[in-house]
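Report on the following structure.
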Amino acid sequence: MARPRLRQPLAWVAVAALALLLLASGCGSADGETSEDAAPTKRQFLREAHSVCYRFSKKQVRRAEAFIESHGLDPAEPDQREREQLIAAVVIPAAEEKLEGLRELQPPRGDEEKVETLLRAIEKGIRDAKARPEWLAAPTPAHEQPFEHGMELWLEYGDWLCGQAGG
């Protein structure tokens, strides 16, 4: 009978030790901030943002291939009308989904305005591409492609992929 009594206190010791390990492993911080509340570093944010953009880039490629196949288009030489159809059916929706995914990320502390500027550049690219898909299909010196400014801003911030039209 003495043996079962010993196991019960040992079980509590094990639970208490586990709880201490969890607390020590970073479930909170000295100022009471939890990991959910802590803003990511710029590097962490860029890693998360790139992951979002990469996922939507891959999705866009699959959708574009399916669109080209289902519409019997020549992927090597689509004409202007076909490129504009692809933009409306695939690229713009992918850019909108990417933007939604990026908006879910918490920006680094102190970079909130910069990140908002990056997201607004994507929004502007989407608006301009919807209004003038021919500018994305065939940009000219007079009409740069709608996502050009966003690409430059994202590249300056540290990620080239997130500035791209769809991915």
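The values are calculated or read from the model by the stated rules, or taken from the named source; none is laboratory data. Note that the coordinates shown come from a computational prediction; the quantities given were computed from them, not determined experimentally. All Cβ positions, even for glycine, are placed from backbone atoms using ideal geometry, and neighbour counts span all protein chains on display.
Residues that are without any contact (Cβ under 8 Å) to a residue 12 or more places away in the chain and closer than 26 Å to Gln44 by Cα are absent from region 123-137. Of all residues in region 149-167, those satisfying the criterion of being over 13 Å from the mean Cα position of the chain (by Cα), touching a residue at least 12 places away in the same chain (Cβ under 8 Å) and not in a loop (DSSP other than H, G, I, E, B) are His149, Gly150, Met151, Leu153, Tyr157. With the structure loaded, tell me whether Glu48 is out of contact with any Leu (no Cβ under 8 Å at 6 or more places or on another chain) and either at pLDDT 95 or above or of a type in the set (Ser, Thr, Tyr) (or both) or whether it fails that test. No; evaluated as a whole, the condition is false for this residue. Of all residues in region 61-78, those that are surrounded by 11 or more Cβ atoms within 10 Å (Cβ to Cβ) and either more than 28 Å from the chain's Cα centre (by Cα) or not basic (Lys, Arg) (or both) total 10. I want to confirm something. Restricting to region 110-148 and keeping residues that are among the β-branched types (Val, Ile, Thr) and in a helix (DSSP H, G or I), which single residue is surrounded by the most Cβ atoms within 10 Å (Cβ to Cβ)? Only one residue fits best here, namely Ile122. Listed conditions (1) in a helix (DSSP H, G or I); (2) of a type outside the set (Ser, Thr, Tyr); (3) farther than 15 Å from Phe56 by Cβ; (4) within 20 Å of the chain's Cα centre (by Cα) are all met by Pro107, apart from (1). Restricting attention to region 65-104 and to residues that are part of a loop (DSSP other than H, G, I, E, B) and either small (Gly, Ala, Ser) or at pLDDT 95 or above (or both), the residue that is nearest to Gln44 (Cα to Cα) turns out to be Glu104. Answer yes or no as to whether Leu161 is closer than 18 Å to Tyr54 by Cα and surrounded by 18 or more Cβ atoms within 10 Å (Cβ to Cβ). Here the answer is yes, as Leu161 does meet what is asked.
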